[in-house]
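The values are calculated or read from the model by the stated rules, or taken from the named source; none is laboratory data. Small disclaimer: the values here were computed from a predicted structure and weren't measured. As a convention, Cβ positions derive from the backbone with ideal geometry for all residues, glycine included, and neighbour counts pool all protein chains shown. Protein only, heavy atoms only, side chains kept; ligands, DNA and RNA dropped before computing areas. Shrake-Rupley method; radii C 1.70, N 1.55, O 1.52, S 1.80 Å.
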Amino acid sequence: MLTFDFTGQVALITGAGRGIGRGLALAFAAAGAAVLVNDLDAQTAQAVAAELHAQGADALAVTADVRDRTAVDALVAAALARWGHVDILVNNAGVEPVASILEMSEADWDVVLDTNLKGTFLCTQAVGRIMQAQGRGAIINIASTAGKAQPLYLRSGYAASKAGQVGFTKEAAREFAAYGVRVNAVCPGVIVTPMTEHLRHNEQQMARWLSEIPARRLGEVTDVTPLVLFLASEAAAYIIGQAIHVDGGKLMA
Ligand code: NAP
């Protein structure tokens, strides 16, 4: 089993109240990091922070909407006030509205682009300033195979936001490498989380997914977390600007 040691480091994880974000909070805490658990939902953020405290970890729950610059600045200020540094940022918060292009409202388009893409920009900018001053840090963006060569269906805003995250990752990686900060993305396939719950009850959808995935199963949160910890670690010191699939082999481009 892979083990990592982030003792003395601070990981800020957005959208960590459930799903992949919660799994990342647990995994970074188990590896010794202090964790800032962000979510839009105060209850879930606090519940995850309480889980971490129960394991003896140092954690702080901060409710903030990643679409809102003032809230993001306050989120990052809370981490600085508590620990004085931020070593790892995981831009994980995301939403996935389902609608055809002809029926999607402008408001839904704005929510998905603002959460998944603008949120990544705002958090990267706020934390990036701290990391630049520190001369070190790692940023991991949770994108999606939907942002690579894997179109979904009825998710134009989501696919556009995730492709945007992949492009942003490469631009940020080039800029931030000069400061000793590495930026990469992880592109999960279909992972068992609340986000995919409604689709997992659809037998036809499940059969189609499974026929397309060489691993013949959906991914678990624990399939994603080790890659994120690896990218945050010194073992990945020479990995910059990549967008790596975790999808059971579905996409081999
Ligand atoms: P999830 O279970 O729906 O969790 C997403 C979390 O993000 C929720 O706790 C949500 O809070 C939070 N969030 C939403 N908008 C936010 C905002 N504006 N500010 C702060 N937090 C916000 O989703 P997941 O499956 O864990 O997905 C996590 C990331 O992985 C997303 O970026 C997603 O696109 C990506 N991903 C997931 C899959 C998959 O199959 N699950 C595949 C590829 C990529 P609320 O509870 O308040 O909504």
Assigned to a strand (DSSP E or B), touching an Asp or Glu at 6+ places or on another chain (Cβ under 8 Å) and not hydroxyl-bearing (Ser, Thr, Tyr), is that true of Val90? no
If I filter segment 54-63 down to residues being touching a residue at least 24 places away in the same chain (Cβ under 8 Å) and either of a type outside the set (S, T, N, Q) or farther than 24 Å from Gly84 by Cβ (or both), which single residue comes out as farthest from the ligand (Cβ to nearest atom)? Asp58
Taking the residues in segment 203-218 that are open to solvent by 10 Å² or more (accessible area, probe 1.4 Å) and outside any helix (DSSP H, G or I) as candidates, determine which candidate is farthest from Leu26 (Cα to Cα). Pro214
Look at segment 223-240 and say how many of its residues are part of a helix (DSSP H, G or I), over 18 Å from the mean Cα position of the chain (by Cα) and farther than 11 Å from Ala138 by Cα. 1
Among the residues of segment 1-31, how many are more than 16 Å from the ligand (Cβ to nearest atom) and assigned to a strand (DSSP E or B)? 1
Looking at segment 144-178, which of its residues are outside any helix (DSSP H, G or I), among the hydrophobic types (A, V, I, L, M, F, W, C) and touching a residue at least 40 places away in the same chain (Cβ under 8 Å)? Ala149, Leu154
Considering only residues that are in a helix (DSSP H, G or I) and within 24 Å of Val166 (Cβ to Cβ), which ones fall in segment 57-74? Arg69, Val72
Being of a type in the set (A, V, I, L, M) and over 18 Å from the mean Cα position of the chain (by Cα): is that true of Ala107 here? yes
Pair list, Cβ under 7 Å, 6 or more apart: segment 117-135 residue in contact (Cβ under 8 Å) with a residue 60 or more places away in the chain, other residue small (Gly, Ala, Ser): Gly119/Ala93
Yes or no: segment 145-160 includes at least one residue that is of a type outside the set (Val, Ile, Thr), in contact with an Asp or Glu (Cβ under 6 Å, 6 or more places away or on another chain), open to solvent by less than 70 Å² (accessible area, probe 1.4 Å) and within 16 Å of the ligand (Cβ to nearest atom). yes
Qualifying residue in segment 76-89 (condition: touching a residue at least 60 places away in the same chain (Cβ under 8 Å), within 14 Å of the ligand (Cβ to nearest atom) and within 23 Å of Phe176 (Cα to Cα)): yes
Of the residues that make up segment 32-53, is at least one assigned to a loop (DSSP other than H, G, I, E, B) and more than 15 Å from the ligand (Cβ to nearest atom)? yes
Candidates Ala25, Ala78 - the one that is touching a Leu at 6+ places or on another chain (Cβ under 9 Å), open to solvent by 10 Å² or more (accessible area, probe 1.4 Å), farther than 24 Å from Ser156 by Cβ and not charged (D, E, K, R): Ala78
Under the condition of being hydroxyl-bearing (Ser, Thr, Tyr) and more than 14 Å from the chain's Cα centre (by Cα), which residue from segment 137-157 is farthest from Asn184 (Cα to Cα)? Tyr153
Name the residues in segment 46-72 that are over 18 Å from Asn91 (Cα atoms) and open to solvent by less than 30 Å² (accessible area, probe 1.4 Å), would you? Leu52, Ala57
If you scan segment 179-201, which residues turn out to be open to solvent by 30 Å² or more (accessible area, probe 1.4 Å), more than 10 Å from the ligand (Cβ to nearest atom) and outside any helix (DSSP H, G or I)? Tyr179, Gly180, His201
